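First the structure, in the form of structure tokens, and then the observations on it.
Each value in this text was obtained by applying a stated rule to the coordinates, not by laboratory testing. Because the structure is predicted, anything quoted here is derived from the model rather than measured. Backbone-built Cβ (ideal geometry, glycine too); neighbour counts: all protein chains shown.
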Amino acid sequence: MKLRYSKAALADLRAIADYILTNNPSAALAVIDELERVCGLLAEMPGIGKRVEFITDAEYFMAPAGKYSNYLIFYTLQEKQLIVQRILHGKRNIIDLFK
């Protein structure tokens, strides 16, 4: 399955990297590498995510981001494509971010 990132997901990756870079540049690279690795894994096996019930206007799925499971990857499936819609820290008010 082809992997794509929405503009919002790319902005999320940049924001995550920028936030971590301020304190630990090598950790920022490790986190981004892991997030991208898990996104690639999801494209290979999209069924490992679980359905997001609070989003009703589209069928969204969610999976934790590997060893950085405090980050959550939200994605949709469209015509042999997995589209990463958002990558968010689990402590954020996620429901409000999807309104």
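Key figures for this structure:
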{"item": "Loop sites in the stretch 1-98: trypsin sites (Lys or Arg not before Pro), DSSP, at most 16 other Cβ within 10 Å", "result": "67, 80, 91, 92"}
{"item": "Theoretical gain in end-to-end length, residue 95 to residue 29 [0.36 nm per residue, Cα-Cα removed]", "result": "21.0 nm"}
{"item": "Global geometry of the stretch 44-99, whether rounded, prolate or oblate, following the gyration tensor of its Cα atoms and the 1.5 cut on a/c", "result": "oblate"}
{"item": "Descending semi-axes in Å of the chain, equivalent ellipsoid built from Cα gyration tensor", "result": "22, 16, 11"}
{"item": "Coil-residue GluC sites (Glu not before Pro) of the chain, DSSP, other Cβ within 10 Å capped at 16", "result": "53, 59, 79"}
{"item": "Exposure proxy order (Cβ contacts within 10 Å, fewest to most) of 69, 26, 6", "result": "26, 69, 6"}
{"item": "CD proxy at 222 nm, helix term only [per DSSP H run n ≥ 4: -39500 (n - 2.57); per residue of the chain; nearest 500]", "result": "-12500 deg cm²/dmol"}
{"item": "Contact order normalised by residue count of the chain, Cα under 8 Å, 6+ apart, percent", "result": "31 percent"}
